[in-house]
Amino acid sequence: MSQALAPPNPGALRAAMSRFVTGVTVVTYAGDDGPRGATMNSFTSVSTDPPLVLISVARRARCHDQLLDRPFCVNVLGAEQEPLARQFAGAPAAAEPRWVVGARVPRLAHPLGWVECEPWGAYDGGDHTLVLGRVTDLGHRDGDALTYAWSRFGTAVESTDGIEHLI
Ligand SMILES: Cc1cc2nc3c(=O)[nH]c(=O)nc-3n(C[C@H](O)[C@H](O)[C@H](O)COP(=O)(O)O)c2cc1C
């Protein structure tokens, strides 16, 4: 049995957590001066009744206060959309992102999947805030997924034979 004697140093915590493979999303919303987005991999599905999803938003992020009080859309990125992940994490933009025209909540064109959400609740998460959204609309397409692990982007190849066929 291991016993934590002192808080782990942030680098060690990040290194351990980097072994957890995630997908990559861009969370989009209506900013005060147009559509905005931020790359997030803290996304998880929480509940089907009611339909709830979770994101963990850094308190220091510009999107933090805005995501507490307005609808947002979680855009799950496809393997070929790594440039979008970098751009919405603050890297210089390679090209203007394409947005869906006329969407109720700003969302990206052609994500692998997307869930549009109304704010449902916000909870203290240390230097982050855990934001729950109630899903109001959604969609998906076929394709390979963008992943993130060991602080690197990767790819998960689409499979039609998922675990949901077993349970
Ligand atoms: C792969 C990846 C995952 C990230 N996940 C999150 C996350 O879950 N929550 C978060 O607040 N920031 C996350 N970030 C950092 C934000 O994308 C980054 O701070 C961004 O610049 C915030 O934008 P804003 O300050 O314009 O709102 C992630 C960055 C990368 C590259």
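Throughout, read-outs are computed from the coordinates displayed, never taken from laboratory work. This structure is a prediction, so every number in the text was calculated from the model and none was measured. Methodologically, a virtual Cβ is constructed for each residue, glycine included, from the backbone with ideal geometry; neighbour enumeration extends over all protein chains shown.
With a simple spin-label model that places each label point 7 Å from the Cα along the Cα-to-Cβ direction, the separation between residue 13 and residue 82 comes to 2.9 nm. Along Cα→Cβ, 7 Å out, is where each label goes; now give me the distance between the ones at residue 127 and residue 68 in nm to one decimal. Placing both labels 7 Å along Cα→Cβ, they lie 1.9 nm apart.
Taking Cα centre as origin and charging only the Cβ of basic (Lys, Arg, +1) and acidic (Asp, Glu, -1) residues, the dipole magnitude of region 1-160 rounds to 380 debye. Name the residues of region 39-75 whose amide N is less than 20 Å from a point 7 angstrom out from the Cα of residue 159 along the C-beta direction? Flagged as within label range: 45. Extending 7 Å from the Cα toward the beta-carbon at both residue 93 and residue 44 defines two label points whose distance is 3.3 nm. When 55, 163 are arranged by Cβ crowding within 10 Å, least crowded first, meaning fewest neighbours, the order is 163, 55. The share of C-alpha pairs in the chain whose separation exceeds 26 Å stands at 30 percent. For the chain, with a Gaussian network of springs between Cα atoms less than 10 Å apart, report the residue from 78, 11, 143 with the top mean-square fluctuation. Largest GNM mean-square fluctuation: 11. Legend: calculated FRET efficiency, residue 33 to residue 136, from the Cβ-Cβ distance at R0 = 25 Å, rounded to 0.05, equals 0.55.
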